[in-house]
């Protein structure tokens with residue numbers, strides 16, 4: 001295995017990668033838990049988020065984005081449809097296909113979840129020092145840069 005140079009007196013790049021990955025995973029898990037009371041599952045919310053971001057997708061595209069099998073996505077979409085959060089429309093060029101999109105109610109539910117998550121994180125950030133918040137602002141820019149690579 002290749003040896004990495006020491007990074008800012010915090011260990012090797014390998015050790016930093018592990019610590020950063022674990023911290024990001026814990027934070028992501030905690031942010032995901034900060035949600036309004038409701039019975040949407042994480043899978044349903046994730047699918048709704050993907051539709052919100054993409055605008056519209058076929059069921060197969062949504063399954064691919066969510067990295068689940070089509071039968072699993074069929075169940076997830078069915079539950080979202082029952083709640084009026086997702087609508088199906090005919091595909092414009094392929095009569096065998098449908099297009100899925102978030103309904104107005106689905107977009108509103110998604111916004112509620114996003115607001116709850118942002119409020120939780122803002123509360124946690126408020127407890128930090130100005131210097132710590134500045135460090136996180138810089139880290140956010142670096143993480144964005146890494147995620148585009």
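The values are calculated or read from the model by the stated rules, or taken from the named source; none is laboratory data. On a predicted model such as this, the values are computed, not experimentally measured, just so you know. Cβ sites come from the backbone with ideal geometry, for glycine too, and all protein chains shown count toward neighbours.
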* Structure fact -> Residue set 117, 133; condition modelled with pLDDT under 95, touching a helix residue (DSSP H, G or I) at 6+ places or on another chain (Cβ under 7 Å) and assigned to a helix (DSSP H, G or I); output residue 117
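Each row is one residue, and each column tells you yes or no for (1) touching a residue at least 24 places away in the same chain (Cβ under 8 Å); (2) closer than 18 Å to residue 49 by Cα; (3) surrounded by 13 or more Cβ atoms within 10 Å (Cβ to Cβ).
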| position | (1), (2), (3) |
| --- | --- |
| 63 | no, yes, yes |
| 67 | no, yes, no |
| 78 | no, yes, no |
| 81 | no, yes, yes |
| 84 | no, yes, no |
| 87 | no, yes, yes |
| 92 | no, no, no |
| 96 | no, no, no |
* Show the residue pairs that are 6+ apart or on different chains and have beta-carbon atoms under 7 Å apart, the first residue being within the stretch 129-149 and without any contact (Cβ under 8 Å) to a residue 60 or more places away in the chain, the second being surrounded by 10 or more Cβ atoms within 10 Å (Cβ to Cβ). => 133/125
* To do: For residue 50, state whether it is under 19 Å from the mean Cα position of the chain (by Cα) and over 23 Å from residue 28 (Cβ atoms).
  => no
* residue 27 surrounded by 12 or more Cβ atoms within 10 Å (Cβ to Cβ), closer than 24 Å to residue 118 by Cβ, under 15 Å from the mean Cα position of the chain (by Cα) and modelled with pLDDT of 90 or more -> yes
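Report yes if residue 111 is in a helix (DSSP H, G or I) and either over 16 Å from the mean Cα position of the chain (by Cα) or loosely packed, with under 13 Cβ neighbours inside 10 Å (or both), otherwise no. It would help to see each step written out before you state the result.
Numbers: in a helix (DSSP H, G or I): yes; either over 16 Å from the mean Cα position of the chain (by Cα) or loosely packed, with under 13 Cβ neighbours inside 10 Å (or both): yes.
Criteria met by residue 111.
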